[in-house]
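The values are calculated or read from the model by the stated rules, or taken from the named source; none is laboratory data. Keep in mind that what you see is a predicted model, and the values were worked out from it rather than measured. When we count neighbours, we look across all protein chains shown, and the Cβ atoms used for this are built from the backbone with ideal geometry, even at glycine. Just the protein is used for accessible areas: all its heavy atoms, side chains included, with ligands, DNA and RNA removed. Shrake-Rupley method; radii C 1.70, N 1.55, O 1.52, S 1.80 Å.
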Amino acid sequence: MSERHLAVVVLAAGQGTRMKSSKPKVMHQIAGLSLLGHALSTASSLNAKHVVPVVRHQKETISEYIAEFYPHAVIAEQDDIPGTGRAVECGLAALPDDFDGAVIVTSGDVPLLDVATLESMLQAHIDGGFAATVLTTLLADPTGYGRIMRSNDGEFLQIVEHKDATPHQLEIDEVNAGVYVFDAKHLKSALTKVGTHNAQGEKYLTDAAAGLLQAGHKVQAVSVDDEWLVAGINDRVQLSEVAAELNARICRAWMMAGVTILDPYSTWIDVTVSIGEDTLILPGTHLKGMTTIGQAASIGPEVVMVDTTVGDGAHVVKSHILASQIGDRATVGPFAYLRPGTVLGKRSKIGTFVETKNAVIGEGSKVPHLSYVGDATIGVESNIGAGTIFANYDGVTKSHSTIGSQVRTGSHNVFVAPITIGDGAYTAAGTVVRRNVEPGDLGMNVAPQRNIADWVLSKRAGTDAATAAQAAKDSTAHKAGATDTGNPESNQ
Ligand code: UD1
Ligand code: CA
């Protein structure tokens, strides 16, 4: 598709003081994307020739983010003249001098605005030959927003900011959404005439709309019913409200696409996540980043999953999972911690209180209980005994362990890396495995057990343990005496 003769200016130069944050307002996230990211993703979907974010406060942080994730955007910088009008003026200066197309203006703090709304606004703007089109909505509580003044016959007149409004004007519940379409040439000349004589001493973009009308151009205000689309975020209360609404919409969309979500209120899904049909998401689950889940999987309750791929029919319960891959029909948890680089084969199992990192675990292999598997490769259909530690770090370097296929390792082993265990090998319980085990061998280094007779009776005389031991001895002696078999002296 060729780029349209269109520019989108995204305002992100404001200070965002009401957030009370050391981080720029537009860098706060909802659904896994910064507020600015939401605005720039929408702007980028319009296929415009120019996408121009305008920055000023904490411009280094914001510019770095834009350059990384929206490299096609042309960053403009606002100077010391404050206000949305000045911000747009600075944005326009970044366009080619002869640019005469339409300019859409959106705000970096209005994350739910969608492409469809902008497309229909743009269409109405072009079809009607308008110099400016202002998006509005009706709000039960319009506090803080600019109010839309209309004539008796409903024509747009001007926007009055909350701080500049009379008590009578404050009763108006139609507000400026902060989203506009302008004709570039007309906007440029209108902005040169906008001053800063208002309560905030700022150059208001809203005054350019009224200015164009006074100059004899056509200006319209079009309203959207869905107020969430234009909700602006100024503080952290609004941040959480808009985050909850966006999350509800994301959950609803996945449910409509065939995913069962038992409790959308406690399930949080980033915009970047994808989920297959017939998958079940149980309460308290957070799916983040580039997570992709297959079909008919079951995730939750209480799973946090970041940048992870899950296969069809996999089962994950109460676990924390980062940058991992979980194969088809694999099972994880409860209480597993999968760290980056974990790759689980089909039908494999990671059980309770197991931590993994950089671990490739083959088809059908199991690490069922209380283990740490770091920097390891495990073949197919092997079983790692309970309480096993892969000692991958000697304090200076990390080393790799390789376990073959069809291996059975005993409980409470330590694999001191680097180490290789051959196919079909066994290791005995309690073994500290320091030397490779060849295929089919049994590895063990456990010293033979020695029992010291009557140690408790002599070294712990008078304790409950000694009393219990004496009672057991007496009863054995009594039984032996009664039946008169065996020699109690040799019973050691
Ligand atoms: C603005 C509108 C108001 C509207 C509301 C909708 C003006 C004068 N007022 O008010 O009518 O109801 O949005 O959300 O436009 N910004 C800059 N440079 C600046 C000041 C702001 O780039 O000098 C950016 C901010 O980063 C933000 C956007 O413009 O992304 C809106 O600024 P904000 O201060 O939040 O304006 P509001 O008071 O909400
Ligand atoms: Ca705002």
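Where in segment 322-382 are there strands (runs of 3 or more DSSP E), lying wholly inside it, with at least 2 residues that are on the phi > 0 side of the Ramachandran plot? Talk me through it step by step, then tell me what you get.
Working: elements: 336-338, 349-361, 366-378.
Output list reads 349-361, 366-378.
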**Filtered residue count, segment 147-180, keeping only those that are open to solvent by 30 Å² or more (accessible area, probe 1.4 Å) and either within 16 Å of ligand 2 (Cβ to nearest atom) or not assigned by TED's automatic domain parsing to the domain that holds Val194 (or both)** = 4
**Fill in**
Exactly one of Thr272, Thr267 is in contact (Cβ under 8 Å) with a residue 24 or more places away in the chain and in contact with a Cys (Cβ under 9 Å, 6 or more places away or on another chain), and that one is Thr267
**Request:** Please tell me if Asp97 is more than 16 Å from ligand 1 (Cβ to nearest atom) and on the phi < 0 side of the Ramachandran plot.
**Result:** yes
**Prompt:** Which numbered condition trips up Ser240, out of (1) among the hydroxyl-bearing types (Ser, Thr, Tyr); (2) within 13 Å of ligand 1 (Cβ to nearest atom); (3) open to solvent by 30 Å² or more (accessible area, probe 1.4 Å)?
**Reply:** (2)
**Message:** Would you confirm, using the coordinates I've provided, whether Ala359 is within 15 Å of Tyr337 (Cα to Cα), modelled with pLDDT of 95 or more, in the same structural domain as Gln325 (by TED's automatic domain parsing) and crowded, with 20+ Cβ neighbours inside 10 Å?
**Reply:** yes
**Asked** Quick check, is Gly364 within 21 Å of Gly294 (Cα to Cα), surrounded by fewer than 23 Cβ atoms within 10 Å (Cβ to Cβ), more than 25 Å from the chain's Cα centre (by Cα) and in the same structural domain as Asn413 (by TED's automatic domain parsing)?
**Response** yes
**Item:** Tally of residues being in a loop (DSSP other than H, G, I, E, B) and out of contact with any Ser or Thr (no Cβ under 7 Å at 6 or more places or on another chain) across segment 303-313
**Value:** 3
**Request:** Could you tell me whether any residue of segment 162-172 is within 18 Å of Thr106 (Cα to Cα) and either small (Gly, Ala, Ser) or touching a Gly at 6+ places or on another chain (Cβ under 7 Å) (or both)?
**Result:** no
